[in-house]
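All remarks here apply to the structure that follows.
The values are calculated or read from the model by the stated rules, or taken from the named source; none is laboratory data. Keep in mind the model is a prediction, meaning the values are calculated, not measured. Note: ideal-geometry Cβ built from the backbone for every residue, glycine included; neighbour counts use all protein chains shown.
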Amino acid sequence: MTKQTQSTNVKQLFDLSGKVAVITGGSIGLGRQMAEGLAEMGADVILCARKKERCEEAAHDLAKLGVRTAALGCDVKDPANIQKMVDDSVAQFGRIDILINNAGISWGNLVENMTLDEWNKVIDTNLTGTFLCSQAAGKVMIKQGGGKIINVASVAGLRGAPPDFSAFRAAEGTQQGAGQQRTRQPGQILAHMCDLLDWALKLADGTHEWRETPPESWELDTARFFAGLEALDRRLASGAPLGRAAEKIFQGPIADALTHTGQIAMLRRMAGAPVRSENYFKADITAGRAGADQAPPRVEFD
């Protein structure tokens, strides 16, 4: 298979011509990278962030790819802002097919030192903002007969975890349930994420087979996670026909696995080892570099 044929097959597989995508936090970093990827596949993109001028700059650049673009100011902590963003999107483009909830913040502070105001800012942006955006855009999608909502999390929580983090427990349960494990430990969550990536690869190969494995050490399962991610990346980029529809693979095991990365990041904070904020605008993000060999993280204000 030639490189040109492989590129054509990938574009056919992920063709988004005629689709309209809204990306929150879409002006810089990962949000802009995702917007560019969507635009390259033919989707019209609407970039939203608190700083509208950054969105306008990004929208201007993405319009050169031959798609329609728009820049909207939106603070996802404000329900009125969100509703206006959705209304303006529909007014300009007629529909919303894809929503990527990418807007998010973190607060580099130990849980015992975190103020209520700091906590609320994180929750209002990362959790409530995601809910409100999904609700407002979801109503549009229901009326038009369908759509996709993608919530973004980070695998940063897998790196630099303390030695005993794998067995950390967020809660021991109620008195009535004393002695019973009421929540998954991080090591169990990571093992489950590895199983999900294995399942995604099997689905891509046309086999519907689920295998649940017990957790190993944090180091071994982290290596297994990145190996699984790298194998899945190679399979999807190969251009070979998929055994299952791509959207089923992504909205099933892959979306499930990535949701759990946010869970691990939250547990890291509760365990007193919070993940430092990374600057994805400066990060060395390279297509196909999905394994454990990653560039050093660029933290905020480096």
Practice item. Could you tell me which numbered condition R95 fails, if it satisfies all but one of (1) of a type outside the set (V, I, T); (2) outside any helix (DSSP H, G or I); (3) over 21 Å from A287 (Cβ atoms); (4) in contact with a Leu (Cβ under 7 Å, 6 or more places away or on another chain)? Key: (4)
Practice item. Could you tell me whether the range 277-290 includes any residue that is at pLDDT below 85, buried (at least 16 other Cβ atoms within 10 Å of the Cβ) and touching a Ser or Thr at 6+ places or on another chain (Cβ under 7 Å)? Key: yes
Study note, to complete from the structure: Just one listed residue, out of A58, A80, is part of a helix (DSSP H, G or I) and either at pLDDT 95 or above or of a type in the set (S, T, Y) (or both), and it is A80
Exercise for review: Could you pull out the residue among E247, E230 that is assigned to a helix (DSSP H, G or I), surrounded by fewer than 17 Cβ atoms within 10 Å (Cβ to Cβ) and within 17 Å of the chain's Cα centre (by Cα)?
Suggested key: E247
Review point. Just one of the numbered conditions (1) under 16 Å from K148 (Cα atoms); (2) in a helix (DSSP H, G or I); (3) at pLDDT 95 or above; (4) hydrophobic (A, V, I, L, M, F, W, C) is not true of V45; which one?
Key: (2)
Point to revise | Qualifying positions in the range 62-78 - surrounded by fewer than 18 Cβ atoms within 10 Å (Cβ to Cβ) and more than 22 Å from the chain's Cα centre (by Cα) | key: A63, K64, L65, G66, R68
Check your understanding: L203 versus (1) modelled with pLDDT of 90 or more; (2) closer than 19 Å to H260 by Cα: which is the lone unmet condition?
Key -> (2)
**Study point:** Search result, residues across the range 41-61 that are of a type in the set (A, V, I, L, M) and either in contact with a helix residue (DSSP H, G or I) (Cβ under 8 Å, 6 or more places away or on another chain) or surrounded by fewer than 16 Cβ atoms within 10 Å (Cβ to Cβ) (or both)
**Key:** M41, V45, I46, L47, A49, A58
Study note, to complete from the structure: Of R235, R211, R224, the only residue that is part of a helix (DSSP H, G or I), touching an Asp or Glu at 6+ places or on another chain (Cβ under 8 Å) and surrounded by fewer than 20 Cβ atoms within 10 Å (Cβ to Cβ) is R235
